[in-house]
Amino acid sequence: MFIYAVEDKSVNGVGESSVVLVPAVHRPFGATAKLSPLKGFSTSPPERIGVRGEYDYNGLAKRVLKCFNQSIQEDISRLKIRQRGCVVILTGAVSSRTLLNELVTLATSVEGTALVEIYRMQFIEEGATAQSFTTQGFAEGFTA
């Protein structure tokens, strides 16, 4: 069981949410690496596997982005996808809470995702423009 708390602020048709944590309950927290026959070595954890199966430090974020691009028909160009280990971090702006819920569901379905964090997500209604904001503390993000 987890708490889903959202602080909603609406300014000129633009809504903004604070931090929301959504665990992928069907998966244990953290990556599971299998031991290889060579002692001391293990296979790459699922969050470090890239789009083509190669080792990629930001592989989970790239695979989540690919999943979004294949599944979502709406504009998600203002969405940033980051990762911290097996945690997917979504920031930016989307058109609605319904779209955000769909994105969270898709992100939790990608292998290697243990948790989805949402930071400073803005909801843009038609005719409104999003206000810019700065997110600190994250190195690299992948824009949809």
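Going through G92, G85 one at a time, which residue ends up being touching a Pro at 6+ places or on another chain (Cβ under 9 Å), in contact (Cβ under 8 Å) with a residue 12 or more places away in the chain and of a type outside the set (F, W, Y)? None of the others qualify; the one that does is G85.
Matching residues to (1) under 11 Å from the mean Cα position of the chain (by Cα); (2) at pLDDT 95 or above; (3) not in a strand (DSSP E or B):
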| site | (1), (2), (3) |
| --- | --- |
| K39 | no, no, yes |
| V64 | yes, yes, yes |
| I76 | no, no, yes |
| Q83 | yes, yes, no |
| I89 | yes, yes, no |
| L106 | yes, yes, yes |
| R120 | no, no, no |
| F133 | no, no, yes |
| E140 | no, no, yes |
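The values are calculated or read from the model by the stated rules, or taken from the named source; none is laboratory data. Just so we're clear, the structure is a prediction, and the values are computed from it rather than from any experiment. Positions of Cβ are generated from backbone atoms using ideal geometry, with glycine treated the same way; all protein chains shown enter the neighbour counts.
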